[in-house]
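A short write-up of the structure that comes next.
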Protein chains: 4
Amino acid sequence: MMGKTTWVIPDGFLPTKSLGEQPSHEAVCVLNLTDEHATINMTFYFEDKEPLTGFQASCGALRTHHIRLDKLRSHSGEEVPRGVPYAIKVESSVPVVVQHSRLDSSQEALALFTTMAYSG
Amino acid sequence: MMGKTTWVIPDGFLPTKSLGEQPSHEAVCVLNLTDEHATINMTFYFEDKEPLTGFQASCGALRTHHIRLDKLRSHSGEEVPRGVPYAIKVESSVPVVVQHSRLDSSQEALALFTTMAYSG
Amino acid sequence: MMGKTTWVIPDGFLPTKSLGEQPSHEAVCVLNLTDEHATINMTFYFEDKEPLTGFQASCGALRTHHIRLDKLRSHSGEEVPRGVPYAIKVESSVPVVVQHSRLDSSQEALALFTTMAYSG
Amino acid sequence: MMGKTTWVIPDGFLPTKSLGEQPSHEAVCVLNLTDEHATINMTFYFEDKEPLTGFQASCGALRTHHIRLDKLRSHSGEEVPRGVPYAIKVESSVPVVVQHSRLDSSQEALALFTTMAYSG
C-alpha cells in the first residue's frame, strides 16, 4: 500500500499576521489510499521547550484531509503556537502520504511553499 | 528506465480567483523518457465525498506534458472542482516522472509552489 | 560518494516577462562533492517537438554551479526557449546533487519555487 | 531512528536586500528525534573559491533548531556571504532530518521556498 505511518516536517511556523482575504496558515495534507479510516496524531517540537502532544485528526478511507494547523486544537484545547519555530511529527494508524504547505500573507501579497514530508 | 507508474500529490487546490495576466492554476508535469506513448489516468480524492475518476491525458515518448488542471475535463465533461481541497493519484501506462506545481494569483502578486510527486 | 549522475526535472518554464530588479529565470543548481571536475550535459524535452541537446556546463571539484537557464547557450548558439513548457534531463560525468529553482518576476512581486531534482 | 547524519542543499543564496518587516534570510531547519544532543557542522561551497568551514550550531534532543544563515557566524567570526550562489553540506553528530527554506523580501512582497535537503 502506498504510504508510511510516520512523517516529519522540520520547518513549521505560523505567521502572526495576515493581510488580504486569506489568513496566514499551514496545512498538513494527508492522503489515505487504504480502505481503513486513519487516526492521525501530531507532535510539535520546539527550540527551547518540551514537545507538545495531544493533537489528533483523522482521514477517511480513500479521502484526503488538509489539516489546518491554525485551526487545530489539542485534547486539552491548546492551539499551535504562533510566531515561533517548530517541527512536526505526524503518526498515522494506517499508511498515508503527507505533504506540508504554508501560506504567508503577512506582507501585501501572499507567499506559498510546499514539500513532501520526510518518511525516512 | 527512470520513473514510476504511480504517483500521488496530497495537496491539491484550485484557487477560485485570479488577478493580473496569469490565471490561478495547477499543473501535473509529466516527463516520459521511454520510447512508448504514455496514457495518464488521474483520480481526485476529497475530504467528504467519493473520489472522482475518468480524467485522462497523455504524454508522448521523449516528451513532457504539463497537464493544466484548470483546463482538464473528464470523459463525462466534469471539471476539477475549484475552491475545495483535493489530492491526486496519477497512473501512467509506462514509467514517468511527475512534478506538481501551483500558481496562485488570487492576491495582487502571484505565488508559486512545486514539489516532486510521491512514488512510494 | 553523495550524489547521482542522472537527474530529471519535469516542470521547466522560462517566463517571458520580468518586472523589477531581478529577471525571471531558472537555475539548475549542482553540487559536486567529488574530487573530480564534473561535465554537465542537459537535454530539454518539449510537448510537441523533438528534444534539444548540446547544452553543456561544468562544475569544479568541491564547487557548486547555479547554472542559469536564461543565460545558457548550446554548442550551436541556441537559447532555451521562453514561454513554453519543457522538462530537463541533467547528466553529469561524476556523481552530483541537483536542485532546480525558478524566480518569476512577471507580476509586481517576485515568486520563487524550488525542489530537489529526481534521480530515480 | 528517523534521520541521517549528512545532508546537502545545492541552492543557497542570501539576498542582499530586504523590504518590509521581514529580513531576507535562509534557514537550515533541523529536527532531532534522538535522545542525544546534536552538534551540527556546516560547510559552504562556492562557484569559484574554496569551501568555507567552521560554522557550527546545535540541536537538543527532541528539539528543532531553525538555524538562521543570515545570523550565523563561524568560529573565526565570518558571516555567510550575501549576494553570491553557494551550496551547503550539513553534518550532524546524531541522525537528524533537515529542511531548507528561503524568504526573499527584496521586492515589494515576500517570496518563500522550501525543500527537504538531500541525504543520498
Which condition from (1) more than 28 Å from D:Met1 (Cα to Cα); (2) facing chain C (nearest Cβ under 10 Å); (3) in contact with a His (Cβ under 9 Å, 6 or more places away or on another chain) is the one that D:Lys71 breaks?
(2)
Mind listing whichever residues of segment D:95-106 are modelled with pLDDT of 95 or more, out of contact with any Gly (no Cβ under 8 Å at 6 or more places or on another chain) and aliphatic (A, V, I, L, M)?
D:Val98
Just checking, which of B:Ala109, B:Ala57, B:Ala61 is modelled with pLDDT under 95, farther than 29 Å from A:Gly120 by Cα and within 12 Å of chain C (Cβ to nearest Cβ)?
B:Ala109
Kindly provide the set of residues from segment D:79-109 that are of a type outside the set (A, V, I, L, M), under 15 Å from the mean Cα position of the chain (by Cα) and part of a loop (DSSP other than H, G, I, E, B), ordered by number.
D:Pro81, D:Arg82, D:Pro85
So A:His66 clears everything in (1) at negative phi; (2) away from chain B (no Cβ under 13 Å) except one condition, right? Which one?
(2)
Under the condition of being in a strand (DSSP E or B) and charged (D, E, K, R), which residue from segment D:1-36 is nearest to the other protein chains (Cβ to nearest Cβ)?
D:Asp11
Applying the selection to segment D:90-106, what residues are over 30 Å from A:Ala109 (Cα atoms), more than 7 Å from every other protein chain (Cβ to nearest Cβ) and either free of Cβ contacts under 8 Å to residues at least 12 places away in the same chain or open to solvent by less than 20 Å² (accessible area, probe 1.4 Å) (or both)?
D:Val90, D:Ser92, D:Val94, D:Val96
Please work out which one of (1) open to solvent by 60 Å² or more (accessible area, probe 1.4 Å); (2) under 22 Å from A:Gly12 (Cβ atoms); (3) free of Cβ contacts under 8 Å to residues at least 24 places away in the same chain is the condition D:Ser58 fails and give its number.
(1)
Hey, among D:Thr6, D:Thr64, which residue is touching a Pro at 6+ places or on another chain (Cβ under 9 Å), β-branched (Val, Ile, Thr) and surrounded by 14 or more Cβ atoms within 10 Å (Cβ to Cβ)?
D:Thr64
Exactly one condition in (1) touching a Leu at 6+ places or on another chain (Cβ under 8 Å); (2) surrounded by fewer than 21 Cβ atoms within 10 Å (Cβ to Cβ); (3) away from chain C (no Cβ under 12 Å); (4) touching a residue at least 24 places away in the same chain (Cβ under 8 Å) is false for B:Ala87; which is it?
(2)
Any hit, segment B:45-53, residues being surrounded by 21 or more Cβ atoms within 10 Å (Cβ to Cβ) and either under 12 Å from the mean Cα position of the chain (by Cα) or under 22 Å from A:Phe113 (Cβ atoms) (or both):
no
Test D:Glu78 against the stated conditions and say whether it is facing another protein chain (nearest Cβ under 8 Å), open to solvent by 40 Å² or more (accessible area, probe 1.4 Å) and in contact with a Gly (Cβ under 9 Å, 6 or more places away or on another chain).
no
Of (1) assigned to a strand (DSSP E or B); (2) of a type in the set (A, V, I, L, M); (3) in contact with a Gly (Cβ under 9 Å, 6 or more places away or on another chain), C:Leu112 fails just (3)
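Filtering segment A:1-37 down to residues that are of a type in the set (Gly, Ala, Ser) and more than 18 Å from the chain's Cα centre (by Cα), which residue is modelled with the highest pLDDT? Explain how you work it out, then say what you get.
Initially, segment A:1-37 is screened for residues of a type in the set (Gly, Ala, Ser), giving A:3, A:12, A:18, A:20, A:24, A:27.
Still in the running and more than 18 Å from the chain's Cα centre (by Cα): A:18, A:20.
On the way: A:Ser18: 82, A:Gly20: 75.
For segment A:1-37, the residue satisfying everything is A:Ser18.
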Identify, by number, the condition in (1) surrounded by fewer than 20 Cβ atoms within 10 Å (Cβ to Cβ); (2) touching a Lys or Arg at 6+ places or on another chain (Cβ under 6 Å); (3) among the aliphatic types (A, V, I, L, M) that A:Leu72 doesn't meet.
(2)
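The values are calculated or read from the model by the stated rules, or taken from the named source; none is laboratory data. Computed from a prediction, not measured in an experiment: that's the story for all the values here. Reconstructed Cβ throughout: ideal geometry from the backbone, glycine too, with neighbour counts over all protein chains shown. In case anyone asks, the SASA skips ligands and DNA or RNA and just uses the protein heavy atoms, side chains included. Shrake-Rupley method; radii C 1.70, N 1.55, O 1.52, S 1.80 Å.
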